[in-house]
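Notes to accompany the following structure.
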């Protein structure tokens, strides 16, 4: 299976509680986040399809049916 790789940059606000900052991806607007769940969501969106939506197959372990 051919895997596509992307590079992301995390900009973190030092001392923020909860964790806060923004996720940067080439050619996209920065995606701000506040808290671990929003950070995880930003990463999942970065992993998604070109239109920003994550496909159901992206959530399945390798070799598992969707």
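The values are calculated or read from the model by the stated rules, or taken from the named source; none is laboratory data. These figures come from a predicted structure and were not determined experimentally. Backbone-built Cβ (ideal geometry, glycine too); neighbour counts: all protein chains shown.
Looking only at residues in the stretch 1-31 that are within 14 Å of the chain's Cα centre (by Cα), assigned to a loop (DSSP other than H, G, I, E, B) and surrounded by 10 or more Cβ atoms within 10 Å (Cβ to Cβ), the one that is modelled with the lowest pLDDT is 28. Residue 46 meets all of the listed conditions (1) modelled with pLDDT of 95 or more; (2) surrounded by 10 or more Cβ atoms within 10 Å (Cβ to Cβ) but one, namely (1). Taking (1) modelled with pLDDT of 90 or more; (2) surrounded by fewer than 10 Cβ atoms within 10 Å (Cβ to Cβ) in turn, residue 61 satisfies each apart from (1). Beta carbons closer than 8 Å, at least 6 apart along the sequence or on distinct chains, pair a first residue in the stretch 32-60 that is over 13 Å from residue 10 (Cα atoms) with a second that is assigned to a helix (DSSP H, G or I) and modelled with pLDDT under 85 for 44/58; 47/58; 48/58.
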